[in-house]
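The block underneath contains the structure these notes are about, expressed in structure tokens.
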DNA sequence: GCCAACGTTGGC
DNA sequence: GCCAACGTTGGC
């Protein structure tokens with residue numbers, strides 16, 4: 001799961017313990033959220049920063065949560081086309097697990113993995129939520 | 001700041 | 001349904 005640290009970083013999650021992953025407004029990313037199961041491990045990725053990369057771990061807590069920000073006109077994530085009757089956007093809550101001593105940089109990940117193995121290293125990939133294959137996830141964990 | 005790689009919008 | 005125009009993302 002990707003986030004800009006200036007908006008919401010791993011330090012924020014560590015401080016709060018858990019958070020609702022609101023604001024995802026891409027259908028493909030939403031579908032990946034819907035495919036999640038409580039207990040799933042999450043790689044927390046920092047984008048738009050000096051050293052983009054995986055900075056820690058989280059765990060999926062609750063799935064299928066309606067994203068309240070879609071109904072809030074004051075929210076940057078407000079969606080006027082969504083309704084309470086048929087909400088478009090739902091998401092998951094995640095709990096903090098671990099903050100890495102140093103980030104596992106995108107540059108390192110690009111060295112080790114192909115875009116087939118790890119969607120994150122694919123050029124032009126802008127999805128904020130992406131699946132990671134278990135075998136690849138274990139390799140990443142062994143690199144920490 | 002640049003720009004490639006998208007996704008979305010809207011006229012037709 | 002097509003596609004040009006536009007906006008956004010995000011690495012560099």
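We did not get these values from a lab; they are worked out from the coordinates using the rules stated. These figures come from a predicted structure and were not determined experimentally. Heads up, the Cβs are rebuilt from the backbone with ideal geometry, glycines too, and the neighbour counts pull from every protein chain shown.
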| remark: The alpha-carbon center of region A:107-144 and that of region A:45-78 are separated, in whole Å, by 19 Å
| task | Compute the label zone of residue A:75 within region A:24-38: residues whose backbone N is under 20 Å from the point 7 Å along Cα-to-Cβ. | result | A:24-36
| remark: Packing-ranked peptide list from A:133-143, A:39-49, highest mean Cβ count within 10 angstrom first, is A:39-49, A:133-143
| Counting DSSP beta bridges with both partners in region A:2-142, what percentage is antiparallel, nearest 5? | 90 percent
| field | Normalised convex hull volume, chain A, alpha-carbon set, Å³ per residue | value | 115 Å³
| task | Give, in nm to one decimal, the length gained when the segment between residue A:35 and residue A:100 is fully stretched (0.36 nm per residue of separation minus the Cα-Cα distance). | result | 20.8 nm
| message | I need to check one value: relative contact order of chain A, counting alpha carbon pairs closer than 8 Å and at least 6 residues apart, in percent. | response | 28 percent
